[in-house]
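Data first, discussion second: the structure below is written as structure tokens.
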Number of protein chains: 2
Amino acid sequence: MKRLTGRNDSTDQAADDERRAGARPFADSLARLKEVGLRPTRQRLALAKLLFDAGDHHITAEQLHAAARSAGVKVSLATVYNTLHQFKDVGILREVVVEPGRSYFDTNVRPHHHFFHEGRGHLTDIPDEAVALTRLPDPPEGAEISRVDVIIRVNDRA
Amino acid sequence: MKRLTGRNDSTDQAADDERRAGARPFADSLARLKEVGLRPTRQRLALAKLLFDAGDHHITAEQLHAAARSAGVKVSLATVYNTLHQFKDVGILREVVVEPGRSYFDTNVRPHHHFFHEGRGHLTDIPDEAVALTRLPDPPEGAEISRVDVIIRVNDRA
DNA sequence: AACCAGTTTAAAATCTTTCTAAACTGTGAC
DNA sequence: GTCACAGTTTAGAAAGATTTTAAACTGGTT
Ligand SMILES: [Mn+2]
Ligand SMILES: [Mn+2]
Ligand SMILES: [Zn+2]
Ligand SMILES: [Zn+2]
């Protein structure tokens, strides 16, 4: 199965522009769902469009559900949760946990880190290169590292 | 908790050792609560003892509640939550969020980082010196950094 | 001893997330 | 196109962690 990393490696500038402008509203989402082996249902197509046609962002299940309703998409909260977890399981979404009792889903699955604004309760991406982790401990015996998260917690200056 | 029967001339070192050994079961906890301005109630003293006389560890509210019951301390879960948050607010505990839907409280408030074993669901400390963060991005305009968390997620080797 | 602000508590409420089981739908076969 | 069926969606119930409420209790002070 083809990996998703080659999505923007097209040399056809016009095709890229057309995709970004949303000229073929469902084409990208449809292709994406096919690639990851999920049946392209009405709900999944609509949620994929809301998630992936809007640039990198961090969103909660409730927020996505609200966005769907605003966009006139009829979908239950249970389906939003199901879909977010399916997208995460196939690697096109990532879950970020920084606050008790609430998960954020991140449409940016490239390696990167986060600012978390504790007062406002929102996440901002930090490019991977902006953080230099030049020494890391060995993992515990028998374990292997799956991911390294750097979370920089910030607040408004006093 | 065993009490030492004979006392020698006490140097600073001996006094330290005695405290660590728990020879004066409530003295440390009492002093600690006074220092941070919390009234030393029966419940707070007992929870402080369970938390701080056992070395650095990570514990959930439910786990602390269970530990209290096991130790014969009658305390409600609501009080456990109240107390954990009060201890956090005065800086003698730190809250660590790595999993959706559950908070860990850390008796080690010195700067350090964590391994999180995703399969087993438990935290291990990483000494601050074992991680070298040699480049960090500037915080967003108007914000200041309150803490940098490095979480190394691990799993059992395949 | 009396007082009272601070504390504890059982129970209810809240909030996010997951489960259940019945209805619905995309897909491939014919 | 119709059929069959696995996969999907859904309302509503349930779960699980945490917080709130409001009444009873208690440590510290006078
Ligand atoms: Mn999840
Ligand atoms: Mn908290
Ligand atoms: Zn991100
Ligand atoms: Zn720790």
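None of the figures in this text is laboratory data; all of them are computed from the coordinates on show. These numbers were taken from a predicted model, which means no experiment stands behind them. Cβ coordinates were reconstructed from backbone atoms using ideal geometry, including for glycine residues, and neighbour counts include every protein chain displayed.
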Each residue of A:78-85 has, on average, a number of other protein chain C-beta atoms within 10 Å of its C-beta equal to 0
Everything considered on the Cα gyration tensor (a ≥ b ≥ c; rounded for a/c under 1.5, else prolate if a/b is larger than b/c, else oblate), the stretch B:88-132 must be described as oblate
Here FRET efficiency (C-beta to C-beta, residue B:73 to residue B:31, R₀ 22 Å, nearest 0.05) is 0.65
Short to long, in 10 Å steps from zero, the percent of alpha-carbon pairs of the stretch A:110-158 per bin is 21, 41, 28, 9, 1
Partner shielding of B:129-141, as the mean number of partner chain Cβ atoms within 10 Å, equals 5
The rounded separation in angstrom of the Cα centers of the stretch B:89-133 and the stretch A:89-154 is 14 Å
At R0 = 25 Å the Cβ-Cβ FRET efficiency linking residue B:134 and residue A:88, nearest 0.05, sits at 0.20
For the stretch B:68-132, listing trypsin sites (Lys or Arg not before Pro) in a DSSP loop whose Cβ sees at most 13 other Cβ atoms within 10 Å gives B:74, B:120
The local net charge around residue A:50, scoring Lys/Arg +1 and Asp/Glu -1 for residues other than residue A:50 whose Cβ lies under 15 Å from its Cβ, equals +1
